[in-house]
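The values are calculated or read from the model by the stated rules, or taken from the named source; none is laboratory data. As the structure is a computational prediction, the values presented were derived from the model and not from experiment. Note that each Cβ is placed from the backbone with ideal geometry, even for glycine, and that neighbours are counted across all protein chains shown. The protein model used for the area step is the full one, side chains on, heavy atoms only, and it has no ligands, DNA or RNA in it. Shrake-Rupley method; radii C 1.70, N 1.55, O 1.52, S 1.80 Å.
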Amino acid sequence: MISPLMPTYARAPLEFERGEGCWLTTTDGTEFLDFGAGIAVNALGHAHPKLVAALEAQARRVWHVSNLYEIPEQRRLAERLVAETFADTVFLTNSGTEAAELAIKIARKWGQAQSPARHRIVTFAGAFHGRSTGAIAAAGSEKLAGGFGPLMPGFDSVPWGDAAALAAAIGPETAAVLIEPIQGEGGIRVLPHEALRALRALCDERGVLLMFDEVQCGMGRTGHLFAHEAAGVVPDVMMVAKGIGGGFPLGAVLATEAAAAPMGVGSHGSTYGGNPLACAVGLAVMEEVADAGFLASVRARAGFLSQRLAELAAGHPAVIAEIRGEGLMRGLRIAEPHAAADLVAAGRAAGLLTVPAAENVVRLLPPLTVSEDEIAEAVRRLDRAATALEGPA
Ligand SMILES: *Cc1c(COP(=O)(O)O)cnc(C)c1O
């Protein structure tokens, strides 16, 4: 018999009753150190007092009115995002996937306004932009798209890090290039800052939009409000979600005035997108994360994590082949024949939650509020997990 929940997930047998900061407690009272943060979502940890207060206060005022009316919380969040970034204008969504859908629409609308044949979008192998029919076509992998064809046409996928293939893929029908500055699901693959600058120059030279998917790597995760800031380049369009809601469903597409120019009244919409509850929480998240002192402290604690992970890897060369990532977005590439899923399971047995990714990588995505003591404790638990994988000496 099929379960009442459609069986699309292989869930770990854990049920959580409450959380506080970086800690989650199961219904049977076991405590876990959460280095997954709901897949880079709980940017300020669990039950952050300011987020709880923002949600409670808004819940007593008004939950939903629809975009038929002015929504002051939405306007304030958009103003804040514009003030902190390259963007001139913002559309609020409920998820990263919805942000991807709108980014694709903007690329096509903008492209066709330049010349009627321009609609194609260059994407990258290993990409992840969500699970909608458009987003799986954009990613183009068999794993995401198998059995769901015929796929939406108009995407050209190039190998990650192949500058020649990238330059060759941009043709007269290309409207945009879409890239995660750091691939998350793809295995914490960082595009070197130099390559990101070269990509910006290439897009300018060819006159196509550069679109960043910062759904996972954005919102302070790298120690910068957005990952691309460290490279000193800006996109024309950017997708944001995950951390921006701190656990409340919220996403956004940020764009320059030029990129968004063709998106007039009636060109896009959402019933829930930018509702007062989500935007009240998003504003509270922005208040905390878009603070220079907070971001500097993320970078400092990320440096501490780096050091500890280097020591961990040195002590377990047969299990940990490589440390990847930036800031508090780290990947441990697991040495074969060991499997990332086995280290995730061993971590869980040691009281630590992590997230697997492609390329046999285990992701560490703690709340941005994680303390040095919690980082040290997480690495001790990873040490126990790696030892368990090595088996009896
Ligand atoms: C998670 C993710 C998405 C999809 O976001 P959802 O909120 O799950 O729809 C898109 N792009 C990237 C890079 C992601 O990590």
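The table below gives the values:
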quantity: Only listed residue being more than 15 Å from residue 43 (Cα to Cα) and within 14 Å of the ligand (Cβ to nearest atom), chosen from 218, 273, 247, 293; calculated: 273
quantity: Pair list, Cβ under 7 Å, 6 or more apart: region 30-42 residue in a loop (DSSP other than H, G, I, E, B), other residue of a type in the set (Lys, Arg) and within 11 Å of the ligand (Cβ to nearest atom); calculated: 41/242
quantity: Test: residue in region 345-352 that is among the basic types (Lys, Arg), assigned to a helix (DSSP H, G or I) and at pLDDT 95 or above; calculated: yes
quantity: Lone qualifier among 151, 102 - being surrounded by fewer than 19 Cβ atoms within 10 Å (Cβ to Cβ) and of a type in the set (A, V, I, L, M, F, W, C); calculated: 151
quantity: Among residues of region 257-268, those that are closer than 21 Å to residue 79 by Cβ and open to solvent by 50 Å² or more (accessible area, probe 1.4 Å), counted; calculated: 5
quantity: Region 121-143, subset charged (D, E, K, R) and assigned to a helix (DSSP H, G or I), residue nearest to the ligand (Cβ to nearest atom); calculated: 143
quantity: Lone qualifier among 96, 134, 147 - being farther than 28 Å from residue 278 by Cβ and of a type outside the set (A, V, I, L, M); calculated: 147
quantity: Selected residue (criterion: nearest to residue 133 (Cα to Cα)) from residues of region 74-99 that are within 16 Å of the ligand (Cβ to nearest atom) and open to solvent by 50 Å² or more (accessible area, probe 1.4 Å); calculated: 98
quantity: Count - residues of region 355-378 that are touching a residue at least 12 places away in the same chain (Cβ under 8 Å), more than 24 Å from residue 125 (Cα to Cα) and open to solvent by 10 Å² or more (accessible area, probe 1.4 Å); calculated: 6
quantity: Which numbered condition residue 111 misses (of (1) in the same structural domain as residue 219 (by TED's automatic domain parsing); (2) open to solvent by 30 Å² or more (accessible area, probe 1.4 Å); (3) in a helix (DSSP H, G or I)); calculated: (2)
quantity: Selection within region 313-340 - out of contact with any Lys or Arg (no Cβ under 9 Å at 6 or more places or on another chain) and either within 17 Å of residue 37 (Cβ to Cβ) or outside any strand (DSSP E or B) (or both); calculated: 313, 314, 315, 316, 317, 318, 319, 335, 336, 337, 338, 339
quantity: Residue in region 314-324 that is among the basic types (Lys, Arg), surrounded by fewer than 23 Cβ atoms within 10 Å (Cβ to Cβ) and touching a helix residue (DSSP H, G or I) at 6+ places or on another chain (Cβ under 6 Å) present; calculated: no
quantity: Given (1) under 23 Å from residue 371 (Cα atoms); (2) open to solvent by 40 Å² or more (accessible area, probe 1.4 Å); (3) in contact with a strand residue (DSSP E or B) (Cβ under 9 Å, 6 or more places away or on another chain), index of the condition residue 244 fails; calculated: (2)
quantity: Sole residue being open to solvent by 80 Å² or more (accessible area, probe 1.4 Å), more than 23 Å from residue 282 (Cβ to Cβ) and of a type in the set (D, E, K, R), chosen from 31, 20; calculated: 31
quantity: Residue list for region 340-354, filter: under 23 Å from the mean Cα position of the chain (by Cα), surrounded by fewer than 19 Cβ atoms within 10 Å (Cβ to Cβ) and closer than 18 Å to residue 187 by Cβ; calculated: 341
